[in-house]
Amino acid sequence: MDYLCPMTNFDSEYWDQHYHPNRKPGWDIGYASPALMAFCEKLENKELRILIPGAGHAWEAEHLSRMGFANVFIVEFAPRAIENFLSRFPQFPESKIIREDFFALTGKFDLILEQTFFTSLPRTSRAKYVRQMYNLLRPGGKLVGLLFNHDFDGDHPPFGATREEYMELFMPYFKIKTFEPATNSIKPRQGREFFMILEK
């Protein structure tokens, strides 16, 4: 994956560097995640409030909007990422773009989609991530997504974990509906991801 030099402060400026026109972020596959879209295609309620944190170029948001989901929200604090997304998909409503730190976000959602957001966060933020996901979901809401099934070397993103580490983080807050090896990962990540469905 294409990450810049290690830093300890993964702030808006740090992430904004990755969305320069001359760079292609390694986590940006250039289209919506097949695993996430396969899950969403089975959803009948198009009024669900769906949140995509750390959305980047927001391929999933565009795909869901084109599928008719009316309440898709993205959280992203890298200005270039939002600019790039809107230049590609200008009809996405600005009112559903949340330009702030995920951890400052309030509100309630029915579904949160996890796609390379966890892997971008320092290990010290993991417990905070889980609590915030829990707080943002309505009772019965779901956190659905992909997580790497192994860790990486280095003190900068991407960060992964083992199944045991994930269970320790999530089980106090969520019912584990699914947490299994992903069967429809993109080719470079085949055999390297878990697919999860967690229920508040």
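Read-outs throughout are calculated quantities, based only on the coordinates presented, and are distinct from any laboratory measurement. No experiment lies behind these values; they were computed from the predicted model shown. Here the Cβ is made from the backbone with ideal geometry for all residues, glycine too, and neighbour counts use every protein chain on show.
In deg cm²/dmol and to the nearest 500, what is the mean residue ellipticity at 222 nm of the chain if only DSSP H runs of at least 4 residues count, each as -39500 (n - 2.57), divided by the residue total? Don't skip to the end; give the middle numbers.
Details: 6 runs with 49 residues, N = 200.
Value at 222 nm, helices only, nearest 500: -6500 deg cm²/dmol.
Amide H of residue 162 versus every other amide H placed in the peptide plane: which residues, excluding those fewer than 5 positions away on the same chain, fall under 5 Å?
It is none; the list stays empty.
Give the distance, in whole Å, between the Cα centre of the range 24-67 and the Cα centre of the range 80-140.
12 Å
Once you've got the Cα coordinates, tell me which of 42/128; 46/187; 42/177 are over 24 Å apart.
42/128; 46/187
Taking neighbour Cβ counts within 10 Å as the exposure measure, how do 37, 133 sort from fewest upward?
Arranged by neighbour count, lowest to highest, 37, 133 become 37, 133.
Kindly put 120, 33 in sequence by how many other C-beta atoms sit within 10 Å of each C-beta, fewest to most.
Fewest-to-most ranking of 120, 33: 120, 33.
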